[in-house]
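What follows is a single structure, written as structure tokens, with notes after it.
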């Protein structure tokens, strides 16, 4: 809360170059010159640490592995996108087919109702009698046929001769028996 009223953002004297003072042991002393300060800022690392921090050379096997991984990921993403596009197209086709089916069912219902309202069973009977000279079946038009003899079967081949299939069957039985 107290920081709200401070005006240090507008205090341009903070950015001026002036000799800085450092307090050492309760006494103020001038800060060392910049050249001396730069020299003191240098940190020397041991040889082992510098070797560790050096940039490594190119590794072709690693580059191939990264390229292969990126290619695989691109292929997977591409196939997912392709499948989603196909799914979307099929869904659209199904929706249009369902809409067409609903329309055709509506037309069928309308035509069925129209056909039922225009012709009744009594109208069909009247049309058949008047225009086509058709009449209902009477008892005098029915003729019954009766057969008193039983069913018979006639043997065409004599029992003495064997057919070709019987000869083959007998030969196979002879081989097995």
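Report yes if residue 18 is part of a helix (DSSP H, G or I), over 59 Å from the mean Cα position of the chain (by Cα) and at pLDDT below 70, otherwise no.
Considered against the rule, which asks whether it is part of a helix (DSSP H, G or I), over 59 Å from the mean Cα position of the chain (by Cα) and at pLDDT below 70, residue 18 comes out as no.
Out of the stretch 111-134, which residues are assigned to a loop (DSSP other than H, G, I, E, B) and at pLDDT below 80?
If the condition is that a residue be assigned to a loop (DSSP other than H, G, I, E, B) and at pLDDT below 80, then 119, 120 are the ones that fit.
Looking at 165, 90 in this structure, which one is modelled with pLDDT of 85 or more, surrounded by fewer than 10 Cβ atoms within 10 Å (Cβ to Cβ) and part of a helix (DSSP H, G or I)?
Only one candidate passes the filter, namely 165.
Evaluate the following for residue 39: is it surrounded by 10 or more Cβ atoms within 10 Å (Cβ to Cβ) and modelled with pLDDT under 70?
Yes; evaluated as a whole, the condition is true for this residue.
The values are calculated or read from the model by the stated rules, or taken from the named source; none is laboratory data. What you are looking at is a predicted structure, and each value in this text was computed from that prediction instead of being measured. Here Cβ is always computed from backbone atoms with ideal geometry, including for glycine, and neighbour counts include all displayed protein chains.
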